[in-house]
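Note sheet for the following structure.
The values are calculated or read from the model by the stated rules, or taken from the named source; none is laboratory data. Since the model is a prediction, treat every value here as computed from it, not as a measurement. Counting neighbours? That spans all protein chains shown, and the Cβs are built from the backbone with ideal geometry, glycine included.
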Amino acid sequence: MSGFGPEHLPYGVFRRASEAARVGEAARGGEPARGGEAARGGEAARVGARLGDRVLDLAALAADGLLPADPALFAQPSLNAFMAAGPDVWRTVRQALRALASGPDAELAAVALEEAELLLPIEVSDYVDFYSSREHAANVGRMFRPDADPLPPNWLHLPVGYHGRSGTVVVSGTPIGRPRGQRREEGGPVFGPSTRLDIELELGFVIGVPSAGPVPVDRALEHVFGVVLLDDWSARDLQAWEYRPLGPFLAKSFATSISAWVTPLDAILDRRVPAAAQDPEPLPYLREEPWALDLDLEVELNGATIARTNARNLYWSAAQQLAHMTVNGATLRVGDLFGSGTISGPERGQRGSLLELSWDASEPIELPGGETRTFLEDGDEVVLRGRGGDVELGEVRGRIEPAS
């Protein structure tokens, strides 16, 4: 139960597929279903909470009177209805679940994890991704602007971000097809599969409380339901050609992977630690006592750990990101997702992308058995993992498939 005990109880969406459905899944190459899909010969999708190697069926527990909530909140193909019920309901349900988790009643409505098909846990309303690790941003600047300041002039004044594509957010385990697009080569642009496919190790924050306008930085976390690991897959060659003047587009919109399990924010608030002072001091709407989340993170490539870092390496906090994202009047909706941006530390082994780990392909990464990598090859499998104390974040796993 280590990492997924009563102090954690992350939420997800699952179904217990029939044997026929499992055979059909195998025929599809084991591709997980997206949130909201109807059951294919198995049980309907519904909300669960992970306890060790079991999934607690929250709709069944509520129907049996063991959870103080409407069973209809959990008989859903996403967490959105439960999130929309608000923080008072989240706390009441979590308190009841923690009590159940140490008693015998949880056995009455539990499914073995190996029998559960895990689906995309949220219906993603909007997706925004930030660029909030100073080491990552500086590394990118050193590679591509060696004769200039590594950080763009605005970077220390605001959380830089871009608006991504919610429709291509997928659950961990979904195969990632190599994207096609334009890249620049000697002689001009060419079209074809990306040759510099990369990962980005990030945290993702899930919005549970909507807003009608700007969210003050000191109230921002009140809107956050939970946290996931996030891999913002990136085609660096497409990105280099297209990103000026409006930023990433096809280089990132093809896929973003998140954990199947959403860790409640309350489960990791004890990992909140002081951070170094921000210099220059942010403008008033971003000003807060500097803090970060002490979460250990790692990247595994084809079974070998190639990077270890920590979420403390984020310069801009989730609260500052959310305050900046809404200061112009933009609203929040239940199911909005925002990513932290790649998390990198000061040492080579703490870098959260292959672009940095291989220093733009000039320093290949050595793998066991003598293989090396600069960027991802077809068949490669990446796994992101995270942990803070007794809480293990749901992993993010993705295998690269050839361009279709």
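For the reader, a short list of remarks on this structure follows.
- Output for the stretch 368-404, where each listed residue is of a type in the set (A, V, I, L, M, F, W, C) and surrounded by 15 or more Cβ atoms within 10 Å (Cβ to Cβ): Phe375, Leu376, Val382, Val383, Leu384, Val391, Leu393, Val396, Ile400
- Among (1) in contact with a strand residue (DSSP E or B) (Cβ under 8 Å, 6 or more places away or on another chain); (2) closer than 25 Å to Gly177 by Cα; (3) among the hydroxyl-bearing types (Ser, Thr, Tyr), the one test that Ser253 misses: (1)
- Among the residues of the stretch 87-124, those identified as small (Gly, Ala, Ser) and either touching a Pro at 6+ places or on another chain (Cβ under 7 Å) or touching a residue at least 12 places away in the same chain (Cβ under 8 Å) (or both) are Ala96, Ala101, Ser102, Ala106, Ala109, Ala110, Ala112, Ala116.
- Subset of the stretch 55-76 that is surrounded by fewer than 23 Cβ atoms within 10 Å (Cβ to Cβ) and touching a residue at least 24 places away in the same chain (Cβ under 8 Å) - its residue that is farthest from Ser259 (Cα to Cα): Asp64
- Every listed requirement among (1) at pLDDT 95 or above; (2) in contact with a helix residue (DSSP H, G or I) (Cβ under 6 Å, 6 or more places away or on another chain) is met by Arg16 save one, (1).
- Failed item in (1) at pLDDT below 95; (2) closer than 21 Å to Val224 by Cβ, with Met1 passing the rest: (2)
Every residue, every condition in (1) modelled with pLDDT of 95 or more; (2) surrounded by fewer than 20 Cβ atoms within 10 Å (Cβ to Cβ); (3) farther than 26 Å from Pro214 by Cβ, yes or no:
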position: Lys252; (1), (2), (3): yes, no, yes
position: Ala260; (1), (2), (3): yes, no, yes
position: Arg272; (1), (2), (3): yes, yes, no
position: Pro284; (1), (2), (3): yes, yes, no
position: Leu295; (1), (2), (3): yes, no, yes
position: Arg308; (1), (2), (3): yes, yes, yes
position: Leu314; (1), (2), (3): yes, no, no
position: Gln320; (1), (2), (3): yes, no, no
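- Any hit, the stretch 101-114, residues being more than 29 Å from Trp291 (Cα to Cα), among the small types (Gly, Ala, Ser), buried (at least 20 other Cβ atoms within 10 Å of the Cβ) and out of contact with any strand residue (DSSP E or B) (no Cβ under 7 Å at 6 or more places or on another chain): no
- Checking each residue in the stretch 345-390 for being of a type in the set (Val, Ile, Thr) and closer than 30 Å to Asp266 by Cβ picks out Val382, Val383.
- Residue under evaluation Leu201, criteria (1) within 17 Å of the chain's Cα centre (by Cα); (2) without any contact (Cβ under 8 Å) to a residue 40 or more places away in the chain, criterion not met: (2)
So that you can scan it fast, the table gives a plain yes or no per residue for (1) charged (D, E, K, R); (2) at pLDDT below 95; (3) surrounded by fewer than 17 Cβ atoms within 10 Å (Cβ to Cβ); (4) not in a strand (DSSP E or B):
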| site | (1), (2), (3), (4) |
| --- | --- |
| Val128 | no, no, no, no |
| Val140 | no, no, no, yes |
| Asn154 | no, no, yes, yes |
| His157 | no, no, yes, yes |
| Gly167 | no, no, yes, yes |
| Gly181 | no, no, no, no |
| Val190 | no, no, yes, no |
